[in-house]
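Worksheet for the structure shown next.
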Amino acid sequence: MSQERYMQAIVINAFGGPEQLVLQEVPRPEPGPDEVLIRVEAAGIGPWDIKVRESLVGERQFPFILGWESAGIIEQVGADVRDFAVGDAVYCYVREVGHYAEYIAVPAKLVARRPRTLDAAHAAAIPVSGITAHQAITEDLKLQAGETVLITAAAGGTGTFAVQIAASLGAHVIASASARNHAYLRELGAHEVIDYALSDVVEAVHTAHPLGVDAVLDCRGGEGVISNLSALRAGGRMAFITEAPEFLPSRGISAHMVIGRPDAQRLAVLAHMVDEKQLAVHLERAFPLAQAREAHELVETGHVRGKVVLTLA
């Protein structure tokens, strides 16, 4: 088999810690009739990749390539693809493909043109977190102008986008994060910020809003999901993006888990928001593909502002 039919990728050959991430030569994919072949320029990293690597999201066949999101250039289009051409700059969120690689073959219906005003590294930071935030705010919480929303872990990947999307709708945004991120979050549109390390978040909310807030987007998870229910007014809405303990909401409160769905139309909306300067993307750091282990170690600290990406271009 010729060298052109192989590519470099970050794979795992067993479940475990960051040490399982290795750079390896693997077969280059071929696009089907309704697919496009993308030359990956950058791939995003998130907590979901950590869970896959640690075997918390089902079984896998090894070697397995990690990654759910990327940005790149279309190298080849399938026979039935009409909406894209070779050379288009695109980005996508597609599970079970493996984006930590030089090439990916994905369904064209899940691909969107990336923001014109961003480089590939910043564009690759958007798909999973951006879609999840947009879906949570506009669809799951149905946040309206004039309403008040509490967003926890607001400086992380999803939180960073959620703060901006909520503010763009005309909502009053309360952001919970460490003190080092307060100025950053105010720049993104947060009206109030709470230091979770120094204050009880729910108490701080009720001090300023005695009746509670209209909505909560919990991006942190754990027992905090249950305690944050107390920040809601009667009839309020909660959404959370991580697994949470079982609980029974009361006082007419609705609560459910947000599972961000791959959605090219939503990616197109996010690209428009970026190009219209309604949405900013923050990279904590960009690592070369070969340094995937170091990138995972940084993400695992749980203190990343915005996103971490791998670059291939």
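The values are calculated or read from the model by the stated rules, or taken from the named source; none is laboratory data. This structure is a prediction, so every number in the text was calculated from the model and none was measured. Using ideal geometry, Cβ is built from the backbone for each residue, glycine included, and neighbour counts are taken over all protein chains shown. To get the accessible areas, we keep the full protein, side chains included, count just its heavy atoms, and leave off ligands, DNA and RNA. Shrake-Rupley method; radii C 1.70, N 1.55, O 1.52, S 1.80 Å.
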Does Ala162 satisfy being in a loop (DSSP other than H, G, I, E, B) and crowded, with 24+ Cβ neighbours inside 10 Å?
no
In the set Ala255, Ala292, the lone residue that is crowded, with 19+ Cβ neighbours inside 10 Å and at pLDDT 95 or above is Ala292
Taking region 66-81 and keeping only residues that are within 28 Å of Gly306 (Cβ to Cβ) and surrounded by fewer than 19 Cβ atoms within 10 Å (Cβ to Cβ), one is left with Ile73
- prompt: Quick check, is Glu223 at pLDDT below 95, among the acidic types (Asp, Glu) and at negative phi?
  reply: yes
If you go through Arg95, Arg114, the only one that is modelled with pLDDT under 95 and among the basic types (Lys, Arg) is Arg95
Log entry, pairs with first residue in region 211-226 being open to solvent by 20 Å² or more (accessible area, probe 1.4 Å), second being aromatic (Phe, Trp, Tyr), beta carbons closer than 7 Å, six or more apart or on different chains, reads Ile226/Phe247
Filter region 295-313 for residues that are free of Cβ contacts under 8 Å to residues at least 60 places away in the same chain and assigned to a loop (DSSP other than H, G, I, E, B); the one that is farthest from Ala190 (Cα to Cα) is Thr301
Going through region 26-59 in order, the residues found to be over 22 Å from Val309 (Cβ atoms) and touching a Phe, Trp or Tyr at 6+ places or on another chain (Cβ under 8 Å) are Pro27, Ser55
When Ala231 is run through (1) more than 19 Å from His172 (Cβ to Cβ); (2) touching a strand residue (DSSP E or B) at 6+ places or on another chain (Cβ under 6 Å), the failure sits at (1)
Expected output for region 271-289 (first residue within 11 Å of Leu118 (Cα to Cα), partner open to solvent by 50 Å² or more (accessible area, probe 1.4 Å) and part of a helix (DSSP H, G or I), Cβ below 6 Å, 6+ apart or cross-chain) is Val281/His122
Of Ala255, Ala234, Ala292, the only residue that is assigned to a strand (DSSP E or B), touching a residue at least 24 places away in the same chain (Cβ under 8 Å) and of a type in the set (A, V, I, L, M) is Ala255
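For residues that are out of contact with any strand residue (DSSP E or B) (no Cβ under 6 Å at 6 or more places or on another chain), part of a loop (DSSP other than H, G, I, E, B) and buried (at least 17 other Cβ atoms within 10 Å of the Cβ), tally how many sit in region 259-279.
Of region 259-279, the ones out of contact with any strand residue (DSSP E or B) (no Cβ under 6 Å at 6 or more places or on another chain) are 259-261, 263, 265-266, 269-279.
Of the ones still in play, those that are also part of a loop (DSSP other than H, G, I, E, B) are 259-261, 263, 276-279.
Now restrict to residues that are buried (at least 17 other Cβ atoms within 10 Å of the Cβ): 260, 263, 279.
Adding up the residues that qualify gives 3.
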The residue that is most open to solvent (accessible area, probe 1.4 Å), considering only those in region 83-118 that are among the acidic types (Asp, Glu) and in contact (Cβ under 8 Å) with a residue 24 or more places away in the chain, is Asp83
Heads up, the strands (runs of 3 or more DSSP E) in region 11-123 (entirely inside) with at least 3 residues that are in contact with a helix residue (DSSP H, G or I) (Cβ under 8 Å, 6 or more places away or on another chain) are 21-27, 35-45, 69-77, 89-93, 111-113
For region 170-190 the number of residues that are surrounded by 16 or more Cβ atoms within 10 Å (Cβ to Cβ) and without any contact (Cβ under 8 Å) to a residue 60 or more places away in the chain is 11
Given (1) buried (at least 23 other Cβ atoms within 10 Å of the Cβ); (2) in contact with a helix residue (DSSP H, G or I) (Cβ under 8 Å, 6 or more places away or on another chain), Gly236 misses just (2)
